[in-house]
C-alpha cells in the first residue's frame, strides 16, 4: 500500500481518537454538569410547587440557599464567619443569623390565605449587650415597586423566642417578594445585635 495512503489512514485514526478523548474528558463532563444543574433547579421548583399544592409550610430557613441575600460578608466576631448565615443550635435546630445592615428576600407564589410567621430573639450570648434590633418586613407583588405591606417590628432580648406573624391574604393567587431587613434600632447601637430566627415560614392561615 502506498505510504501516502497509510499516513492518511493513521492521521484519520489519530484525529478520531483525539476527538473521542475531547468528548469524554471535556464535552461530556460539561454536559453532565449542565444537566445536573438543570435537574437541581427543576427539583427546587417542583418542591415549592408540591408544597403549595399540598398546603404545606414553606420553610425559609430550609430554603435559605435559594433566598436573595443583601449585606452578607465574612466576619471574625462569631463562630460562623458570616454576618448573614444559617447555623445549628442544640436547642433550636437550624437557625438564621442576621445583623443590622443585612436583608433576605424570597419570591413565592401564594395560593390561599397564607401567613408569614416567625420565632425570633437576640442570640443569648448577646442578651446582656444588645438593646434590640429593628426588623422591617415588606411584601409586594413581583414586578411592582410599591410594597403592599410594610411592617416595622422591634425585637429585644428575652428569655424565650418571641412569636410574630403577618397575614398575606390580600396577595392570594399572586407571586410576591417578601423582604426582611435588620437595622440597629432606635438607639443607633449595633452592639451585640445578633438577630436569630429559629422559625420563619409561610403557611396556610388558621381557620
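The values are calculated or read from the model by the stated rules, or taken from the named source; none is laboratory data. Fair warning: this is a prediction, and the values are worked out from it, not measured in the lab. Virtual Cβ from ideal backbone geometry, glycine too; neighbours counted across all protein chains shown.
The table that follows gives values for the structure above.
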item: Any pair with Cβ under 9 angstrom, 6 or more apart, that starts in the stretch 80-107 at a residue that is at positive phi and in contact (Cβ under 8 Å) with a residue 60 or more places away in the chain and ends at one that is surrounded by 20 or more Cβ atoms within 10 Å (Cβ to Cβ) and in a loop (DSSP other than H, G, I, E, B); result: 101/83
item: Only one of 149, 166 that is assigned by TED's automatic domain parsing to the domain that holds residue 89, touching a residue at least 40 places away in the same chain (Cβ under 8 Å) and within 24 Å of the chain's Cα centre (by Cα); result: 166
item: The stretch 149-184, residues that are part of a loop (DSSP other than H, G, I, E, B) and surrounded by 15 or more Cβ atoms within 10 Å (Cβ to Cβ); result: 157, 161, 168, 174, 184
item: Filtered residue count, the stretch 87-124, keeping only those that are farther than 20 Å from residue 160 by Cβ, surrounded by fewer than 18 Cβ atoms within 10 Å (Cβ to Cβ) and at pLDDT 95 or above; result: 5
item: Of residues in the stretch 71-86 being surrounded by 15 or more Cβ atoms within 10 Å (Cβ to Cβ) and in a strand (DSSP E or B), the one farthest from the chain's Cα centre (by Cα); result: 82
item: Single condition residue 187 does not satisfy, out of (1) surrounded by 14 or more Cβ atoms within 10 Å (Cβ to Cβ); (2) over 18 Å from residue 70 (Cβ atoms); result: (1)
item: Residue within the stretch 125-148 that is in a helix (DSSP H, G or I) and either farther than 17 Å from residue 177 by Cβ or modelled with pLDDT under 95 (or both) present; result: yes
